[in-house]
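This report concerns only the one structure given below.
No value in this document is a laboratory result; all are computed from the given coordinates. Because the structure is predicted, anything quoted here is derived from the model rather than measured. Note that each Cβ is placed from the backbone with ideal geometry, even for glycine, and that neighbours are counted across all protein chains shown.
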Amino acid sequence: GDSVTQMEGPVTLSEEAFLTINCTYTATGYPSLFWYVQYPGEGLQLLLKATKADDKGSNKGFEATYRKETTSFHLEKGSVQVSDSAVYFCALRVTGNQFYFGTGTSLTVIP
Amino acid sequence: NAGVTQTPKFQVLKTGQSMTLQCAQDMNHEYMSWYRQDPGMGLRLIHYSVGAGITDQGEVPNGYNVSRSTTEDFPLRLLSAAPSQTSVYFCASSYSGLGNQPQHFGDGTRLSIL
């Protein structure tokens, strides 16, 4: 069935370090892929999305490229800030309405 | 720009009590869903709806009921609260049938069952 596998955390980085959070997926169709961010005590917010192969989603310095050949959608940021500390969720949506979420990766950025 | 609104934000119940978690969206989304979030388990789908009058079960429906009488509202009912239902509950909505559209989430209801 359809699923998302996400890099387990927690991840701790120093400010200005490079971030990668791995996400791979299994899907029978042609899914759209999303990254969500959850700040403490809040709901999930859409961070970026990509809807077809080779699309690159970007927002707030974060990027992820939809790689069909490796079924991956890894999240990257070149220089993290303390304010990026949050939980990050990878998700996919297949044709129709069903969404599948990864288990989330907690990121802590220390000054 | 309200988006998805959940009430209450916090609730403490005793075992056996019932309650309704409210969810409303103002984006005219057809698809609405309820998730619970537990440590280390990500989001698990409880129930979902593709439009007014249509609901279906998700991954963990036991102990919960839903109804969808309007496009805007999608309440979640706990019939007889159990400590295992202590969790954070999120309501989400999206356009139906458009596979490239994301879900929009409320801020959650933090529920403790004693």
Average partner coverage of B:99-110, which counts Cβ from other chains inside 10 Å: 6
Kirkwood estimate for chain A, i.e. one over the average of 1/r between Cα atoms, Å: 13.9
For the protein assembly as shown, size of Cβ-based charge dipole, Lys and Arg +1, Asp and Glu -1, in debye: 360
Note: A:99-108 gets an average of partner chain Cβ contacts (10 Å, Cβ to Cβ) equal to 3
Kirkwood hydrodynamic radius of the stretch B:1-99, from inverse mean 1/r over distinct Cα pairs, in Å: 13.8
For A:Ala17 and B:Ser67, what does the FRET efficiency come to when R0 = 45 Å and r is the distance between their Cβ atoms, rounded to the nearest 0.05? 0.40
